[in-house]
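The values are calculated or read from the model by the stated rules, or taken from the named source; none is laboratory data. Owing to the predicted nature of the structure, the values given are computational and were not obtained by experimental measurement. A quick note on method: Cβ atoms are made from the backbone with ideal geometry, for glycine too, and the neighbour counts reach across all protein chains shown.
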Amino acid sequence: MKRYVVIGVGQFGFSVAKTLVDLGCDVLAIDVNESRIQEISDQIPHAVAATGTDERTLRALGVQEYDVAIVTCAESLENSILATAVMREIGIPEVIVKAINQKHGEILKRVGATKVVYPEQEMGAQLANHLVNPDILQEIVLSGEYSIIELAIPDELVGQSILEGNIRAKYGLTILAIRSQTASTRDGEQEGLLLSPPPSYVLKETDRVILFGNNKDIENFREGK
């Protein structure tokens with residue numbers, strides 16, 4: 001499993017680091033704010049108060065042994081640029097950096113970022129898309145052409161089996177999973193995830209289908225073409 005170093009543990013950086021820890025990954029979190037490090041130390045075991053732009057300090061911490069660096073201190077343009085350059089100089093193969101705008105992102109790429117993320121823009125776009133297309137519950141864009149998307153079941157498919165719906169043959173889409181609401185006890189309904197559902201599975205109104213495929217094919221499926 002890859003090892004991760006996270007530079008900056010504000011709200012975004014902490015969320016990334018904590019999720020990686022919860023997934024069982026080896027994570028080193030670094031932040032210049034000592035009180036912040038003390039605050040998160042019970043949730044992220046390897047958290048260190050240090051400057052993420054000091055190459056000598058980072059090497060002393062063994063950062064060069066990590067596979068992926070995630071630089072999240074975007075609020076300080078200078079620090080994010082310097083930290084990115086230092087990570088590449090140290091020799092970390094993958095450097096993912098948070099940017100606040102496109103211009104900032106272009107600079108980060110020039111100094112060595114292998115990937116730039118724009119959390120605020122991406123979340124804003126996701127919210128807007130959900131407001132306009134409420135049937136899209138979740139979407140992961142894999143490239144300009146392909147996505148994994150979670151959709152509510154179209155009305156015309158409710159009560160049909162996957163085989164009867166002919167989704168793969170008609171739309172060229174692969175059903176990865178079905179997220180279903182199953183009856184439970186006094187706690188209400190319980191959600192279940194059925195991976196690679198059989199062709200005989202009958203789609204229910206409360207189900208959600210997780211699909212992989214070409215974006216045009218997904219749009220045709222949504223519109224029932």
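Report, by residue number, each residue of segment 1-15 that is hydrophobic (A, V, I, L, M, F, W, C) and either surrounded by fewer than 22 Cβ atoms within 10 Å (Cβ to Cβ) or in a loop (DSSP other than H, G, I, E, B) (or both).
Within segment 1-15, the first condition is being hydrophobic (A, V, I, L, M, F, W, C), and the residues that meet it are 1, 5-7, 9, 12, 14.
If the condition is that a residue be hydrophobic (A, V, I, L, M, F, W, C) and either surrounded by fewer than 22 Cβ atoms within 10 Å (Cβ to Cβ) or in a loop (DSSP other than H, G, I, E, B) (or both), then 1, 9, 12, 14 are the ones that fit.
Any residue in segment 171-182 that is modelled with pLDDT under 80 and either within 15 Å of residue 219 (Cβ to Cβ) or not assigned by TED's automatic domain parsing to the domain that holds residue 97 (or both)?
The first filter runs over segment 171-182 and keeps only residues modelled with pLDDT under 80, leaving 181-182.
Applying the additional criterion that residues be either within 15 Å of residue 219 (Cβ to Cβ) or not assigned by TED's automatic domain parsing to the domain that holds residue 97 (or both) yields 181-182.
Yes, that holds for at least one residue.
Please count how many residues of segment 148-176 are assigned to a strand (DSSP E or B) and buried (at least 19 other Cβ atoms within 10 Å of the Cβ). Reasoning before the result, please.
Pass one, segment 148-176, residues assigned to a strand (DSSP E or B): 148-152, 161, 174-176.
Now restrict to residues that are buried (at least 19 other Cβ atoms within 10 Å of the Cβ): 149, 151, 175.
Total meeting the criteria: 3.
Part of a helix (DSSP H, G or I), touching a strand residue (DSSP E or B) at 6+ places or on another chain (Cβ under 7 Å), of a type in the set (A, V, I, L, M) and modelled with pLDDT of 85 or more - does that describe any residue in segment 191-209? Before you say what the answer is, go through the steps one by one.
Of all residues in segment 191-209, those part of a helix (DSSP H, G or I) come to none.
No, there is no match, as no residue in segment 191-209 is part of a helix (DSSP H, G or I), touching a strand residue (DSSP E or B) at 6+ places or on another chain (Cβ under 7 Å), of a type in the set (A, V, I, L, M) and modelled with pLDDT of 85 or more.
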